[in-house]
């Protein structure tokens, strides 16, 4: 029995016993690198939002920010809007024109959380990597019902 134990210990300490084996340090380094690549790939991935394909009706008073001219408001996952006058509105797709991530309202414009593209209050590109403005959506307002239709 003692000989079997000594043989196992000697095999564990033998540096040339496994020339193709990977060291613990190398394994951990490679694992960390693979994990980091996965995180980067996920953050650069397409979140899958696209420009809206059907109109949406909202009651303007349900969105308090729309009471103020020029204030951008997120309507849903795909749309944002702002009041431009007493009875006029502008609306934009929230799909970043760089890689279709949902842009957020930030300050007086939009910012893409994935790559930092910035758009002004009218959806125009102010900082890349996006090279095209946000898609402008058609709006129509019915003052009698306080209903805004965003195309």
Ranking 22, 49 by Cβ neighbours within 10 Å, fewest first, what do you get? 22, 49
A student asked for the Cα radius of gyration and Dmax of region 56-150 in angstrom ought to give 13.0, 42
Can you pull the one-decimal nm distance between simple spin-label points at residue 26 and residue 88, each 7 Å off the Cα toward Cβ? 6.9
Suppose each label sits 7 Å from its Cα in the direction of the beta carbon; what would the residue 62-residue 147 distance come out to in nanometres? 1.1
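No lab work stands behind these numbers, since they all come straight from the coordinates. Because the structure is a prediction, the values reported are computed rather than measured. Note: ideal-geometry Cβ built from the backbone for every residue, glycine included; neighbour counts use all protein chains shown.
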